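The values are calculated or read from the model by the stated rules, or taken from the named source; none is laboratory data. Nothing here was measured: the structure is a model prediction, and the numbers come from that model. All Cβ positions, glycine included, derive from the backbone under ideal geometry; neighbour counts span all protein chains shown. Surface accessibility is based on the protein's heavy atoms, side chains included, excluding ligands, DNA and RNA. Shrake-Rupley method; radii C 1.70, N 1.55, O 1.52, S 1.80 Å.
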Amino acid sequence: ETKPRVPVLWIHGLECTCCSESFIRSATPLASDVLLSMISLEYDDTLSAAAGEALENHRKEIIKKYWGNYILAVEGNPPLGEDGMYCIVAGEPFLKHLKESAEGAKAVIAWGSCASWGCVQAAKPNPTTAVSIDKVIKNKPIIKVPGCPPIAEVMTGVIMHIALFDSLPPLDAQGRPKQFYGNRIHDTCYRRAFFNAGQFVERFDDEGAKKGWCLYKVGCRGPTTYNSCGNIRWYNGLSYPIQAGHGCIGCSEENFWDNGPFYQR
Ligand code: SF4
Ligand code: SF4
Ligand code: F3S
């Protein structure tokens, strides 16, 4: 109760904002508990009540006041083309905003596949030269939390780890928290017995689809995707893509937009 809450700046580059949409739906813990009791969210372009010059001045003050001690959370990514002019925040290129905000951070969280890998904005032919944030921030620890978006409880879980243990979660070789990205979707899939038995859906409207067989032959990328969808699931454990009858499209993997077509005839 006496421990000061960890200050967090949450900034937004080229993105769709669904990482924020996911985060605010966290049920265990409630996103409101994380925001009101565990961290001190000092700046967020989308969640802050304040806006404009007052908010921007506050961001600069927080950077100075908590130099070396705040966490920077980044949703979206910077486009490098035309000196960053494809994404403007507070009247300046997001690229500048990102560099300035990262300078005094203790660590950086890359929310979602945009910040972690580039995602849809970086898909070929990548007209704005959008890049993952680790191409710009080279001198800080970066925790990658990929997914398009990441699972809500994975997001709050990462923040909670930092707030409660005052340390970064253990990361794998690609910079993802092992706790949430240590398993292949394929290895936690409740349809795996059908895969092992060679029982596959061949078309989305066939008998196998009705019986809930394996979705591998209709493009499921579960065998090459690492995420927690099979064990945590979405919306308080309600469901996930495979449970809804569609294969995993590998949304947490690097270049998932360019890794071959999602559908083939
Ligand atoms: Fe949106 Fe996906 Fe980017 Fe998150 S990772 S901001 S969900 S496009
Ligand atoms: Fe693996 Fe996908 Fe089949 Fe599940 S549905 S067993 S993840 S290939
Ligand atoms: Fe994404 Fe695959 Fe999970 S598409 S939401 S990683 S099941």
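Annotations for the structure displayed:
- Within the stretch 68-87, being over 16 Å from Ile133 (Cα atoms) and small (Gly, Ala, Ser) holds for one residue alone: Gly68.
- In the stretch 250-258, the condition of being within 11 Å of ligand 2 (Cβ to nearest atom) and either part of a loop (DSSP other than H, G, I, E, B) or at pLDDT 95 or above (or both) is met by at least one residue.
- Any hit, the stretch 1-21, residues being surrounded by fewer than 18 Cβ atoms within 10 Å (Cβ to Cβ) and among the aliphatic types (A, V, I, L, M): no
- In the stretch 139-152, the count of residues that are in contact with a strand residue (DSSP E or B) (Cβ under 6 Å, 6 or more places away or on another chain), open to solvent by 50 Å² or more (accessible area, probe 1.4 Å) and on the phi < 0 side of the Ramachandran plot is one or more.
- Figure legend. Inter-residue proximity from the stretch 17-31: first residues acidic (Asp, Glu), second residues outside any helix (DSSP H, G or I), beta-carbon distance below 9 Å, spacing 6+ or different chains. Indicated pairs: Glu21/Pro149.
- Within the stretch 195-212, not a single residue is within 16 Å of ligand 2 (Cβ to nearest atom) and under 17 Å from the mean Cα position of the chain (by Cα).
- Within the stretch 115-130, the residues that satisfy the criterion of being part of a helix (DSSP H, G or I), in contact with a helix residue (DSSP H, G or I) (Cβ under 9 Å, 6 or more places away or on another chain) and open to solvent by less than 30 Å² (accessible area, probe 1.4 Å) are Ala115, Ser116, Cys119, Ala122.
- Neighbours by Cβ (under 8 Å, 6+ apart or cross-chain): first from the stretch 224-235, under 19 Å from Ala193 (Cβ atoms) and touching a residue at least 12 places away in the same chain (Cβ under 8 Å); second aromatic (Phe, Trp, Tyr) and surrounded by fewer than 20 Cβ atoms within 10 Å (Cβ to Cβ): Gly230/Tyr190
- Meets criteria (aliphatic (A, V, I, L, M), away from ligand 2 (no atom under 16 Å from the Cβ) and either closer than 23 Å to Arg233 by Cβ or open to solvent by 60 Å² or more (accessible area, probe 1.4 Å) (or both)) for Ile133: no
- Just one residue in the set Gly112, Gly91 is open to solvent by 30 Å² or more (accessible area, probe 1.4 Å), at positive phi and not aromatic (Phe, Trp, Tyr); that residue is Gly91.
- Selection from the stretch 35-61 of residues that are of a type in the set (A, V, I, L, M) and open to solvent by 10 Å² or more (accessible area, probe 1.4 Å): Leu35, Leu36, Met38, Leu41, Leu47, Ala49, Ala50, Ala51, Ala54, Leu55
- Of the helices (runs of 4 or more DSSP H) lying entirely inside the stretch 139-206, the ones with 1 or more residues being without any contact (Cβ under 8 Å) to a residue 40 or more places away in the chain and farther than 23 Å from Gly247 by Cα are found at 152-165, 178-181.
- The stretch 94-109: number of residues that are open to solvent by 30 Å² or more (accessible area, probe 1.4 Å) and either within 16 Å of ligand 1 (Cβ to nearest atom) or closer than 23 Å to Gly157 by Cβ (or both): 1
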